[in-house]
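Could you have a look at this structure, given as structure tokens, before my questions?
The values are calculated or read from the model by the stated rules, or taken from the named source; none is laboratory data. Note that the structure is a prediction, hence the values are computed from the model and not measured. Neighbour counts are summed over all protein chains in view; Cβ atoms, including those assigned to glycine, are modelled from backbone coordinates with ideal geometry.
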């Protein structure tokens, strides 16, 4: 079995790697589009090949100009008897080449465990990822706001202002990380100091298609920094992005004000849909989305390497 990154000459065969199971995957239209705009690259598409036939394919997503950030698709040919072993071997070869183990993101319907076909499709992929070192599991709730929900009015409790200095956001991100209920933040802080993590977060949000001028710091009427709100966008359109309340200002419901500011920002530019997400364990954020008229529509399952063991 030959494990290798794909090349442009493989495109025709890559397009025929069709996933018939009910999970998210890099379908032909997505593959062509993302290869064209740089979110996919041939060196981030790996294949397992035997006698000239592609028996497995793994596709990683990333921002143009960056390394692989997330596994987007895991496929094996229907003829493969032991798909778990082959997929795990493919992932391990790619991870060795990357020098990293990017998380696998699978987009699923609400209540997916009760759907036998979906659960089966996730099951073998989950085991392959586990064998390849992606041992941590997280579910994120996916929400969306549409114009059928009202645009929240400003409460007047916080004053929002532009801040062109990135260092101000680094400081705000780092301060808000203390005691954060966000899983990604908590995991990162097991192996990184708050400033390092803040700078990495800043770089990620600067790389997104959202406009940097949309970002806001939030202050109390007396001038104290209380939090921040980052409306942003991804390849599919407007997203909530990132928001945070500093520890000394928690417990006052400011999360509603920050989310409202992001929603107003996008709605004022005519957004027809604003996507958002939070961990299943972050109940305060989930309830804030529901209060703001965001509707739960899907689940994102994230399988990742434990940061302590990487």
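Could you check, for segment 117-124, whether at least one of its residues is in the same structural domain as residue 26 (by TED's automatic domain parsing), in contact with a helix residue (DSSP H, G or I) (Cβ under 8 Å, 6 or more places away or on another chain), buried (at least 18 other Cβ atoms within 10 Å of the Cβ) and in a strand (DSSP E or B)?
Within segment 117-124, none of the residues are in the same structural domain as residue 26 (by TED's automatic domain parsing), in contact with a helix residue (DSSP H, G or I) (Cβ under 8 Å, 6 or more places away or on another chain), buried (at least 18 other Cβ atoms within 10 Å of the Cβ) and in a strand (DSSP E or B).
Tell me whether segment 200-214 contains one or more residues that are in a helix (DSSP H, G or I), touching a helix residue (DSSP H, G or I) at 6+ places or on another chain (Cβ under 6 Å) and closer than 23 Å to residue 301 by Cβ.
Of the residues in segment 200-214, the ones in a helix (DSSP H, G or I) are 200-207, 212-214.
In the following step, the residues that additionally are touching a helix residue (DSSP H, G or I) at 6+ places or on another chain (Cβ under 6 Å) were identified as 201-202, 214.
Checking which are closer than 23 Å to residue 301 by Cβ leaves us with 201.
The answer is yes; a qualifying residue exists.
Got at least one residue in segment 260-273 being under 19 Å from residue 166 (Cα atoms), buried (at least 18 other Cβ atoms within 10 Å of the Cβ) and in the same structural domain as residue 182 (by TED's automatic domain parsing)? Working first, answer last.
The initial filter retains those residues of segment 260-273 that are under 19 Å from residue 166 (Cα atoms), namely 262.
In the following step, the residues that additionally are buried (at least 18 other Cβ atoms within 10 Å of the Cβ) were identified as 262.
Right, trim to in the same structural domain as residue 182 (by TED's automatic domain parsing) and you get 262.
Yes, some residue in segment 260-273 is under 19 Å from residue 166 (Cα atoms), buried (at least 18 other Cβ atoms within 10 Å of the Cβ) and in the same structural domain as residue 182 (by TED's automatic domain parsing).
Residue 112: farther than 25 Å from residue 187 by Cα and touching a strand residue (DSSP E or B) at 6+ places or on another chain (Cβ under 7 Å), yes or no? Steps first, answer last, please.
Details: farther than 25 Å from residue 187 by Cα: yes; touching a strand residue (DSSP E or B) at 6+ places or on another chain (Cβ under 7 Å): yes.
Yes, satisfied.
Of the residues 305, 207, 298, which is surrounded by 14 or more Cβ atoms within 10 Å (Cβ to Cβ), more than 23 Å from residue 66 (Cα to Cα) and within 21 Å of the chain's Cα centre (by Cα)?
Numbers: 305 fails: more than 23 Å from residue 66 (Cα to Cα); 207 fails: more than 23 Å from residue 66 (Cα to Cα).
Only one candidate passes the filter, namely 298.
When you look at residue 55, is it buried (at least 20 other Cβ atoms within 10 Å of the Cβ) and either more than 18 Å from residue 96 (Cβ to Cβ) or touching a helix residue (DSSP H, G or I) at 6+ places or on another chain (Cβ under 7 Å) (or both), yes or no? Explain how you work it out, then say what you get.
Working: buried (at least 20 other Cβ atoms within 10 Å of the Cβ): yes; either more than 18 Å from residue 96 (Cβ to Cβ) or touching a helix residue (DSSP H, G or I) at 6+ places or on another chain (Cβ under 7 Å) (or both): yes.
Answer is yes for this residue.
As an exercise: evaluate residue 220 against (1) surrounded by 14 or more Cβ atoms within 10 Å (Cβ to Cβ); (2) farther than 25 Å from residue 286 by Cα; (3) more than 20 Å from the chain's Cα centre (by Cα) and give the number of the one condition it does not meet.
(2)
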